[in-house]
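These notes are about the structure you will find just below.
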Amino acid sequence: MKTRPAARRIKEVRPTRDVILDAAERRFAERGFAGVSVREIAGDAGLKNQASLYHHFKNKKALYEAVLQRGLEPLIAMVSESNTAGDAADPGIERVVDYLATRPYLPRLIQRAGLDDSKTLRGTVSKLLSPLYTNGLRVLALGSGSWPPSEVPHLAAGLYHLIFGYFANAALLETVLHDDPRSPEALERQAHFLKTAVARLLGGEAPPARLPRSLGSGS
């Protein structure tokens, strides 16, 4: 007679703090800091009341900062670890694309953060985004080729929109192009396009053409 396992597999339970951050990231991305209440976030996170949320975060601003910091830290690390720009062999762009694909609300959250006119939040956003910008400039300076130093910040801004804008406006792209921009095939095409675009902008060697279909071309 076969014996049953001594214990059943226990379903993994995510920490409450992470559940709250996920709910807050989605809400803040959709409506911005001012347009979301703590009560809504607590409800989305499955908490009994908003008082339960304050066991994990001092106030709404602290929650907002934690959401931004959690999303930005991996990106800052990816950029910091890169010592090349425009190199087709550098996996950095694919890593960023893969990361943003798993965090669909993060690019919109950053976009909305830049639109917030609150003086208090403006300082918070600047503090959290500055390391990403500073490290991005450093990497670009290593391989900016013929770009004069005065134009590198403009190049950085353009590349930001090129990379993050795709994800921040994914819903619009899907409506216009009748194709899911978040599908594995579309993300692979986008990563290849970004590597090619960055290589051309920085005078590097572009990856070989291997993707026959453009975004929105259908099957």
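The values are calculated or read from the model by the stated rules, or taken from the named source; none is laboratory data. Note that this is a predicted model, so its numbers are computed, not measured. Note that we place each Cβ from the backbone using ideal geometry, even for glycine, and neighbour counts take in every protein chain shown. Keep in mind that these areas ignore ligands, DNA and RNA; they rest on the heavy atoms of the full protein, side chains included. Shrake-Rupley method; radii C 1.70, N 1.55, O 1.52, S 1.80 Å.
Reported count of residues in the stretch 157-173, each being touching a residue at least 60 places away in the same chain (Cβ under 8 Å) and in contact with a Pro (Cβ under 7 Å, 6 or more places away or on another chain), is 4. The helices (runs of 4 or more DSSP H) found entirely in the stretch 29-119 that carry 3 or more residues being farther than 23 Å from Arg17 by Cβ and at pLDDT 90 or above are 92-102. Would you confirm, using the coordinates I've provided, whether Glu185 is of a type outside the set (Lys, Arg), open to solvent by 90 Å² or more (accessible area, probe 1.4 Å) and touching a residue at least 40 places away in the same chain (Cβ under 8 Å)? No, not satisfied. Please work out if Arg26 is at pLDDT 95 or above and outside any loop (DSSP other than H, G, I, E, B). Here the answer is yes, as Arg26 does meet what is asked.
Go through the residues of the stretch 1-11 one by one and say whether even a single one is exposed (fewer than 14 other Cβ atoms within 10 Å of the Cβ) and either at pLDDT 95 or above or assigned to a helix (DSSP H, G or I) (or both). No, because not a single residue in the stretch 1-11 is exposed (fewer than 14 other Cβ atoms within 10 Å of the Cβ) and either at pLDDT 95 or above or assigned to a helix (DSSP H, G or I) (or both). Of all residues in the stretch 10-56, those satisfying the criterion of being of a type in the set (Gly, Ala, Ser), touching a Leu at 6+ places or on another chain (Cβ under 6 Å) and closer than 17 Å to Arg103 by Cβ are Ala24, Ala29.
The set of residues in the stretch 141-162 that are modelled with pLDDT under 85 and in a helix (DSSP H, G or I) comprises Ala141, Leu142.
Among residues of the stretch 49-60 that are open to solvent by less than 60 Å² (accessible area, probe 1.4 Å), those with a Cβ under 6 angstrom from a residue that is basic (Lys, Arg), sequence gap 6+ or separate chain, pair up as Gln50/Arg39.
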